[in-house]
Structures are given as C-alpha cells and as structure tokens.
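What follows is a short report on a single structure.
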Amino acid sequence: MATSNPAFEWLRAERTSIRATDFHRFEAVPPGALMYEGRDAAGQPLAGPFADFLAEFGQASLFNGWGNMPDIVLLIYPLKVFRREVLSDGRSFVAFADRGSQHLFFDEQAVKRGESSPVYVLSKSEAKELHPGFESWLEDAYQWARKKFSQRQWTQVLSGAPPFSKSEQEIIEARDHFHWRHVGFAPDGDALFEVENASTLALPYLSIGIKDKEGEILVGGAWLKVGHIQPGSKAVVQANCYKDQIPPDKLVAFALPAPLPERREDYWEFVKAK
C-alpha cells in the first residue's frame with residue numbers, strides 16, 4: 001500500500017498542476033522493488049523517504065520535454081545489484097537515480113542495515129556526499145531541472161502540447177492496423193521484422209520499442225522503413241536494433257504505446273510524413 005510522506009507534498013502539487021500528460025512519468029514497481037538484494041544479503045527492506053517514494057510514485061522519469069525543450073531527464077529507479085559500484089578502498093555504493101548524465105548513489109552498507117543513506121556521486125577513488133538524504137536531494141535536483149526551462153517553455157508544460165490534427169489522428173489509426181513480428185537476423189546483424197499493413201494508408205516508418213531481456217543495457221526504439229508496404233500487403237524489413245550493444249539472444253522488440261501529443265517527435269510516422 002502506498003504511503004503519503006509529507007516530504008513529497010510539493011511533488012504531488014506539481015504533478016497536479018502539469019497538464020502535459022507525459023512530462024512526468026511514474027511507473028508502479030512490484031513489491032520486490034522495496035527490498036534490496038545485495039550480493040551477500042537478500043531481502044533487506046528499504047527504509048526512509050526513498051522507500052516511501054518508490055511505494056507511492058514508483059519508478060520515475062521526470063522532465064520528459066518535447067520540441068526545443070531541454071534534454072535533462074531526471075530518473076529515479078529501484079536499487080539493483082548490477083548498479084553496484086566498489087571504490088578502490090573497498091567501500092560499495094548502489095545507484096538509485098540519474099540527474100542528466102550524473103549518477104547518484106546510496107551507501108550500500110547503510111542500505112543493508114535498513115537505514116537511510118546520504119546521497120553521493122562517485123569517482124574511481126572517492127565518494128562525495130551531495131545531500132544528507134534522498135528527500136533534500138530530490139527537491140534540489142527538481143529545482144535544478146526546472147530552472148533549465150524558460151518561462152515560455154514552462155507555460156507549454158503546464159498547458160500541454162496541442163492536440164492531434166485530423167491527419168495525425170488518421171496516422172494513429174493506421175498504426176493500430178500495422179502488425180509485425182521479429183523473425184530473425186540478417187547476415188550483417190540487423191534484426192528482421194515481418195510487417196503487415198492492414199490499414200488504408202501507407203506510412204513511411206513504423207516506430208517500435210527495443211530493449212534487452214534483463215533491462216540492464218538499454219531501453220530504446222527502432223524505426224522500421226515500411227513506406228513500400230501498401231495497404232493489404234506484407235513484407236520483411238530490417239533495422240539496426242543496437243546490434244553493437246544488445247546481443248541477438250537478448251534482444252526484445254515490443255509495441256510502443258499509442259502516441260501522445262507531447263511525443264510526436266518520437267514517432268517517425270509523424271516527423272517523416274510532413
């Protein structure tokens with residue numbers, strides 16, 4: 001059951017004030033995410049504001065702008081052993097967030113004791129404490145990201161992106177009638193997809209999601225070139241799906257959710273059709 005830590009009342013208010021539907025993303029986590037299973041300890045319940053945040057908000061991706069807005073996503077995620085780092089002096093830390101390109105860590109030993117930890121950034125030989133705790137770091141990181149937006153951009157965030165036009169709605173409807181499946185790999189390592197166009201339109205591209213099985217390498221996307229596939233026909237197309245990063249046996253292709261107005265540019269069906 002989600003808690004309601006008063007330390008996050010400002011975030012609840014901020015979330016309510018923003019009409020852009022995809023600007024702040026929150027994804028519920030399973031009960032196991034409220035535990036930390038380190039290499040030499042299993043099932044330690046998380047404590048303090050970080051645990052309260054995960055229980056109420058889940059995994060978070062904040063400041064997902066669009067258009068010419070700053071690219072400074074703030075990520076908060078469960079503690080996983082593969083995010084563990086060990087310094088040259090033997091001290092160990094586990095990552096819980098990214099602020100842009102900066103990775104943030106908790107002291108692993110404090111986590112294993114069921115205690116709240118200060119927030120650290122790491123170098124090869126040093127751990128620098130940034131904040132005494134998660135709640136103060138979050139508020140500071142949020143304000144840092146917020147200041148990257150101009151007043152005009154923030155007004156857009158509060159009001160949301162313009163709704164889809166009639167032609168864009170037709171593209172969305174057509175996307176729903178494209179059927180595809182991953183059928184193997186080409187000799188050069190590109191992934192092969194069989195795509196059927198059961199719609200009434202030809203689209204230049206079809207946007208899909210790509211990740212690795214364990215979710216430890218990346219979550220991204222691919223844009224299948226389907227402009228030659230006319231309504232009522234099917235064909236096999238190939239795409240480079242991070243072949244230099246994800247081994248073939250770990251590749252997972254998945255359907256993306258229906259587009260939102262703020263995410264127009266993520267779907268090449270819109271961008272390339274202009």
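The values are calculated or read from the model by the stated rules, or taken from the named source; none is laboratory data. In this text the structure is predicted, and so the values were computed from the model without any measurement. Here Cβ is always computed from backbone atoms with ideal geometry, including for glycine, and neighbour counts include all displayed protein chains. The area values use the complete protein model at the heavy-atom level, side chains included, leaving out ligands, DNA and RNA. Shrake-Rupley method; radii C 1.70, N 1.55, O 1.52, S 1.80 Å.
Structure values in brief
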| item | result |
| --- | --- |
| Mean accessible surface per residue for the stretch 1-136, computed with a 1.4 Å probe while every protein chain stays in place, in Å² | 51 |
| Partners for Lys80 among aspartates and glutamates (Cα-Cα distance below 18 Å; same-chain residues under 8 apart left out) | Glu27, Glu37, Asp40, Asp52, Asp98, Asp107, Glu108, Glu115, Asp212, Glu214, Glu216 |
| Accessible surface of the chain [probe 1.4 Å, protein heavy atoms]: carbon and sulfur percent | 50 |
| Area of Glu170 that stays accessible when all protein chains are in place (1.4 Å probe, Å², to 10) | 90 |
| Computed FRET value (nearest 0.05) for Asp89 with Ala110, which takes r as the C-beta separation and R₀ as 22 Å | 0.85 |
| Karplus-derived HN-Hα couplings along the stretch 134-139 (A = 6.51, B = -1.76, C = 1.60, θ = phi - 60°), whole Hz, x at Gly and Pro | 4, 5, 6, 4, 4, 5 |
| Label-point separation, Val219 to Ser159 (7 Å along Cα→Cβ), nm | 3.1 |
| Accessible area of Thr21 in the full protein assembly, 1.4 Å probe (Å², nearest 10) | 90 |
| Sequence-distant aspartates and glutamates (8 or more away, or on other chains) whose Cα lies within less than 13 Å of Lys234 | Glu194, Glu196 |
| Listed candidates (1) 27; (2) 37; (3) 23 - label of the one calculated as percent of Cα pairs over 32 Å apart | (2) |
| Residue-by-residue Karplus 3J(HN,Hα) for the stretch 17-24, coefficients 6.51, -1.76, 1.60, Hz, glycine and proline x | 6, 8, 8, 4, 6, 10, 5, 10 |
| Two-site label geometry, Ser101 and Asp190: point separation in nm, points 7 Å out along Cα→Cβ | 3.1 |
| Zone of Lys243's modelled label, taken as backbone nitrogen in the stretch 189-209 under 12 Å from a point 7 Å along Cα→Cβ | 189-193 |
